[in-house]
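S.K.: Take a look at this one; I'll ask things after.
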Amino acid sequence: MNAGSIVKPGRFTEGSTLRHVLVMTATGSIGLMAIFVVDFLSLFYVARLKDPALTAAVGYATQILFFFISINIGLTIAIGALVSRALGAGMRPAARRLAASGLVQVFVVTVAVTVAVMPFRGDALYLIGARDEALAVGTLYLAWTIPATLFLAFGMAFAGMLRAVGDARRAMYVTLFGGIATAILDPIFIFGLGLGVQGAAIVTVISRLVIAGVGLYGTVVIHDLVARPRLRDAISDLKPMMGIAVPAILTNLAAPVANAYAMRIFSQFGEETVAAFAIIDRITPVAFGVVFALSSVVGPIMGQNLGARLFERVTRVLTDSFAVSLVYVAFVWLLLWLSAPAIVSIFHAVGDTQRIVTFFCTYGGVLWLFLGAIFVSNAAFNNLGFPVLSTGFNWGRATLGTMPFVTLGALHNGPEGGFVGLIVGASLFGVAAVVTAYFVTARLAKSVINA
């Protein structure tokens, strides 16, 4: 390695770890929540058409799109982890090469999955319970939105690179501008042009184009963080990238599998129940977006300190992240409980839909206390070189921690019982994940010291 390839170590290797966590989480939350606001606004306007079947259609389609987003998140985690480690070790040329290779791999994987899934989108919706009008409308919605996942994948990858280099503000802009585009265009396309659900889908496509464009500008024009893509480099970097990406993708696929199973169970109670969970699926990421963001931004912070071999700071980042998650979830839980009547009114929820949404606002925070712990632990596993643990905990919760508890809960106490089953399963795996995260961190530091 020549001297010209060494530059100043990453910014996260100095200063208060709590401050880094808070600043990156705050800016990351705004950016990440903009993605969720896109979906939230779309469902908000669709709900104002006052047809539960249309609301249910978007809810079913969202479960399918979760699979694509989960793959995108896994690829973003890999790119962010490798680029942040290279930057933390002072190797900027290597970071630029890895960024370029990562984009090539994002393109290949996303296009392959899109081509494989598009012909079977209706079958997938039917499998999770969509029928009649909800099935027809959901299939049309996916015909527009599935191909656009490529642009979202690029945008998320660019945002991951910007977080890796420490530019939290521009990482926030990537998805924030997409959310702004949706807020402006949704009412125009859905009501002004009279396109309904199809209008919401078209706006989603436009939003994802904006996300990709803003991310490209920040990483390439502002930071010059992406080298010229080379097939030879993409192939040589495939092993380290996929070594993180594959377990991360498998990890993130667990959540949509669990959600799809739960939706199938809940669909037995009728369209009003499905509409309720469609609303919950939109409220959840907006309300708890900070937890999602925290699990995303903590990776680059850990990665830089791992690259600089500052293991005490790595442990401190882990503790700070758990604390931030706990305090935030408790605060939002209180807000949801107080806001339940307003939320029901906004979405025109009546009957079973109103009852289930109110139940979620009252007790949903308990679930997220444990999910937050799992998310932070998974970020530690992925960025410290133990992605298989992340995969194990997520799939454990998605199967053993979800399926039997939701099935039995719904059987004895309806949709509310099924939701309580989600809480019970998450609590078991959440506590185990926290204990394991600290054990892994301590073991890693000890092995390096003794080496």
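S.K.: Just give me the residues in region 65-85 being surrounded by 24 or more Cβ atoms within 10 Å (Cβ to Cβ) and farther than 15 Å from VAL246 by Cα, in sequence order.
M.R.: Selection gives VAL83, SER84, ARG85.
S.K.: Let me ask another. Report every pair of residues separated by at least 6 positions or lying on different chains whose Cβ atoms are under 7 Å apart, first residue within region 3-21 and modelled with pLDDT of 80 or more, second open to solvent by 50 Å² or more (accessible area, probe 1.4 Å) and among the basic types (Lys, Arg).
M.R.: From region 3-21, the pairs are THR17/ARG316.
S.K.: To continue, here is another question. Across region 399-430, what is the total count of residues that are within 21 Å of the chain's Cα centre (by Cα) and assigned to a helix (DSSP H, G or I)? It would help to see each step written out before you state the result.
M.R.: As a first pass, look at region 399-430 and keep what is within 21 Å of the chain's Cα centre (by Cα): 399, 401-402, 419, 422-423, 425-427, 429-430.
Subsequent filtering for residues that are assigned to a helix (DSSP H, G or I) retains 419, 422-423, 425-427, 429-430.
Residues meeting the conditions: 8.
S.K.: Additional query: Tally up the residues in region 225-242 that are open to solvent by 70 Å² or more (accessible area, probe 1.4 Å) and either charged (D, E, K, R) or closer than 22 Å to GLY166 by Cα (or both), please. Explain how you work it out, then say what you get.
M.R.: Taking region 225-242 and keeping what is open to solvent by 70 Å² or more (accessible area, probe 1.4 Å), we get 228-232, 235-236, 238-239.
When the remaining residues are screened for being either charged (D, E, K, R) or closer than 22 Å to GLY166 by Cα (or both), the result is 228, 230, 232, 239.
Looking only at that region, the number is 4.
S.K.: Looking at PHE189 and the list (1) modelled with pLDDT of 90 or more; (2) within 18 Å of ALA61 (Cα to Cα), which single condition is not satisfied?
M.R.: (2)
Yes/no per residue for (1) under 15 Å from PRO300 (Cα atoms); (2) touching a residue at least 12 places away in the same chain (Cβ under 8 Å); (3) over 24 Å from the mean Cα position of the chain (by Cα):
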residue	(1), (2), (3)
LEU82	yes, yes, no
ARG92	yes, yes, yes
ALA100	no, yes, no
LEU103	no, yes, no
VAL106	no, yes, no
VAL111	no, yes, no
VAL115	no, no, no
LEU125	no, yes, no
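S.K.: Right, something else. Answer yes or no as to whether ILE374 is touching a residue at least 24 places away in the same chain (Cβ under 8 Å), closer than 22 Å to THR319 by Cβ and part of a helix (DSSP H, G or I).
M.R.: Against the criterion (touching a residue at least 24 places away in the same chain (Cβ under 8 Å), closer than 22 Å to THR319 by Cβ and part of a helix (DSSP H, G or I)), ILE374 qualifies.
This table checks each residue for (1) more than 23 Å from PRO285 (Cα to Cα); (2) in contact with a helix residue (DSSP H, G or I) (Cβ under 6 Å, 6 or more places away or on another chain); (3) among the acidic types (Asp, Glu).
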site	(1), (2), (3)
VAL376	no, yes, no
LEU411	yes, no, no
ILE423	no, yes, no
VAL431	no, no, no
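S.K.: Let me ask another. Among what's in region 129-150 and is open to solvent by less than 40 Å² (accessible area, probe 1.4 Å) and under 21 Å from the mean Cα position of the chain (by Cα), pick the residue that is farthest from PRO229 (Cα to Cα).
M.R.: It comes out as TYR141.
S.K.: With LEU389, LEU400, LEU408 as the choices, which residue is modelled with pLDDT of 90 or more, open to solvent by 50 Å² or more (accessible area, probe 1.4 Å) and under 30 Å from ALA81 (Cα atoms)?
M.R.: The unique qualifying residue is LEU400.
S.K.: If you don't mind, another one. With region 263-371 as the region, which helices (runs of 4 or more DSSP H) entirely inside it contain at least 2 residues that are touching a helix residue (DSSP H, G or I) at 6+ places or on another chain (Cβ under 8 Å) and open to solvent by 50 Å² or more (accessible area, probe 1.4 Å)?
M.R.: By residue number, 271-287, 311-346.
S.K.: Can you tell me which residue in region 171-224 is farthest from the chain's Cα centre (by Cα), limited to those that are open to solvent by less than 60 Å² (accessible area, probe 1.4 Å) and among the charged types (D, E, K, R)?
M.R.: Filtering region 171-224 for residues that are open to solvent by less than 60 Å² (accessible area, probe 1.4 Å) and among the charged types (D, E, K, R), the one farthest from the chain's Cα centre (by Cα) comes out as ASP186.
S.K.: Then there's this: Can you pull out every residue in region 74-104 that is more than 18 Å from LEU310 (Cα to Cα) and either in contact with an Asp or Glu (Cβ under 8 Å, 6 or more places away or on another chain) or of a type in the set (Lys, Arg) (or both)?
M.R.: Matches in region 74-104: ARG92, ARG96, ARG97, LEU98, ALA100, SER101, GLY102.
The values are calculated or read from the model by the stated rules, or taken from the named source; none is laboratory data. Quick caveat: nothing in here was measured; it's all calculated off a predicted structure. Counting neighbours? That spans all protein chains shown, and the Cβs are built from the backbone with ideal geometry, glycine included. Ligands, DNA and RNA are excluded from the accessible area calculation, which covers all protein heavy atoms including side chains. Shrake-Rupley method; radii C 1.70, N 1.55, O 1.52, S 1.80 Å.
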